[in-house]
Amino acid sequence: MADAVVKSDPTEALIASLAMPDATWAKPAREDALARVRTMGLPQRRDEYWKYTRPDTLTQIGAPKAAVLVMDEAPMFDEVDRLRIVFVDGVYDAEASDDLSLEGVTIERLAAASSDLHWATCVYGVLEARGQTPVARPLAAVNTAFATDGVLIHVTGKPNKPINLVYHHKSETSDAILHNCIKMDAGTEVTLLENGPAAARFNKVLEVEIADGAAFHHIRAQGRDHERRAATHIFSRLGAESEFHSFTMTVNGQLTRNDCVIELTGDDAIANVAGACVGDGDFHHDDTVFITHDAVNCRSRQVFKKVLRNGATGVFQGKILVKAGAQKTDGYQISQALLLDGDSQFLAKPELEIYADDVACSHGSTSGAIDEDALFYLRSRGVPEAEATNLLTLSFLAEAVEEISDEALREDMTVRLAAWLMRHRG
């Protein structure tokens, strides 16, 4: 009771500062989310899943400004034939976006959807609400209640090109809140690309409903924004023989919190979540993953690698929950950090909770400095120290990057990580 009293004032202050959009079809989900926010309260540092990351700069009304950073880096995914959907400071930019027509999918803006019987009523806020148990995720509920825009994607086939959500940051502040929903019919397949700085408050929630035999591929590049603080959430539910694959590359940023909550509810489903992050200086990066096995013969993988230097901080909190009856579960989890100096730190909390007896689950977490023997070997063969360090660093990140199945996209991620290391060498 005391905790509820402590949390109520900042929670109500934040709610009062936001306006719920007028969308009839989504109103029940929004009101339900608002009620949950009031019950849970905003996250506090003493909450178990926030003890390594300060949530206050993500929840305060007067959020710190982030200066616009102009980079000369080549745009992401420009070599890929894709359908581009562009948001500028969290607002849809029709002129910069491609036509939303694509065979095998229907795409609508969240802000423009109006049908009272919209298909998204079975997705919007539904997976997010399920993801609040057993761990409360108040920021995601705030997003559901007050989201101002986003995309609603109904996958009915196998589109011949990826869908690319592009986020541009052109002003120091933004009150936009983005929420994206994807509903995949049985036997379908789609690839979603996301790139650009996190430019909106409680900036993104992605809900993905994957029916039997469907396959979802997701590649996300976060970065090019030194000062932004961001919280993102992915919620997904998998049917029988379905697949979920997600990879996130993060560079720069002052505080990034990526939550991923996945339920395997159909037999023979597969879920792979991976991330590679490189940080320098005032950099705090938190990956928090919760995978629930609730069906037979399912597989999951969590592969996260972080490279930290000049006092940067990396966090990994990963859990595999195997429910009773989820026999023949195969769960794998690895989180590792390469600390390029003595000032950086890696904080990890891997967890297994198993209620079935025929399973193969493992987790491991390590952190350490670069391999001095390997470094000496390269230098003894004429490789300069900075270049040798970069080569070993890329080798360290490779296990996570290899989780990307598309060879061209995998190579692009590697090239960009190498470019970041070149810019920050020495």
> So which residues in segment 108-129 are in a loop (DSSP other than H, G, I, E, B), in contact with a Phe, Trp or Tyr (Cβ under 8 Å, 6 or more places away or on another chain) and surrounded by fewer than 18 Cβ atoms within 10 Å (Cβ to Cβ)?
Replying inline: 111, 114, 115, 116, 117
> With 335, 362, 380, 344 as the choices, which residue is of a type in the set (Gly, Ala, Ser) and closer than 19 Å to residue 288 by Cβ?
Replying inline: 335
> Which residues, counting only those in segment 195-219, are in a strand (DSSP E or B), crowded, with 22+ Cβ neighbours inside 10 Å and at pLDDT below 95?
Replying inline: 204
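Give the residue, chosen from 347, 352, 338, that is out of contact with any Pro (no Cβ under 7 Å at 6 or more places or on another chain), without any contact (Cβ under 8 Å) to a residue 40 or more places away in the chain and of a type outside the set (Val, Ile, Thr).
Details: 347 fails: without any contact (Cβ under 8 Å) to a residue 40 or more places away in the chain; 338 fails: without any contact (Cβ under 8 Å) to a residue 40 or more places away in the chain.
Unique residue meeting the criteria: 352.
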> How about segment 233-275: which of its residues are of a type in the set (Asp, Glu) and in a strand (DSSP E or B)?
Replying inline: 243, 259, 263
> In this structure, is residue 142 over 20 Å from residue 209 (Cα atoms), among the β-branched types (Val, Ile, Thr) and in a strand (DSSP E or B)?
Replying inline: no
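Hey, does segment 293-302 have a residue that's more than 17 Å from the chain's Cα centre (by Cα), modelled with pLDDT of 95 or more, more than 30 Å from residue 254 (Cβ to Cβ) and surrounded by 24 or more Cβ atoms within 10 Å (Cβ to Cβ)?
Within segment 293-302 (the criterion being more than 17 Å from the chain's Cα centre (by Cα), modelled with pLDDT of 95 or more, more than 30 Å from residue 254 (Cβ to Cβ) and surrounded by 24 or more Cβ atoms within 10 Å (Cβ to Cβ)), the answer is yes, since at least one residue qualifies.
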> Just one of 306, 349 is part of a strand (DSSP E or B), surrounded by fewer than 23 Cβ atoms within 10 Å (Cβ to Cβ) and at negative phi; which is it?
Replying inline: 349
> Only one of 358, 371 is surrounded by 13 or more Cβ atoms within 10 Å (Cβ to Cβ) and either in contact with a Phe, Trp or Tyr (Cβ under 6 Å, 6 or more places away or on another chain) or of a type in the set (D, E, K, R) (or both); which?
Replying inline: 371
> In segment 87-107, what residues are modelled with pLDDT of 95 or more and not in a loop (DSSP other than H, G, I, E, B)?
Replying inline: 102, 105, 106, 107
> Name the residues in segment 140-175 that are buried (at least 22 other Cβ atoms within 10 Å of the Cβ), under 29 Å from residue 48 (Cα atoms) and out of contact with any helix residue (DSSP H, G or I) (no Cβ under 6 Å at 6 or more places or on another chain), would you?
Replying inline: 143, 146, 147
> So residue 132 fits all but one of (1) modelled with pLDDT of 95 or more; (2) buried (at least 24 other Cβ atoms within 10 Å of the Cβ); what number is the exception?
Replying inline: (2)
> Can you name the residue in segment 13-27 that is in a helix (DSSP H, G or I) and touching a residue at least 12 places away in the same chain (Cβ under 8 Å) and is also surrounded by the most Cβ atoms within 10 Å (Cβ to Cβ) among such residues?
Replying inline: 26
>> Looking at (1) within 19 Å of residue 397 (Cβ to Cβ); (2) assigned to a strand (DSSP E or B), which one does residue 361 not meet, given that it meets all the others?
In response: (1)
> Hey, among the residues in segment 130-139 that are touching a Phe, Trp or Tyr at 6+ places or on another chain (Cβ under 9 Å) and assigned to a loop (DSSP other than H, G, I, E, B), which one's farthest from residue 232 (Cα to Cα)?
Replying inline: 134
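The values are calculated or read from the model by the stated rules, or taken from the named source; none is laboratory data. If you're wondering where the values come from, they're calculated on a predicted model, not measured in any experiment. With ideal geometry, Cβ positions are generated from the backbone for all residues, glycine too; neighbour counts draw on all protein chains shown.
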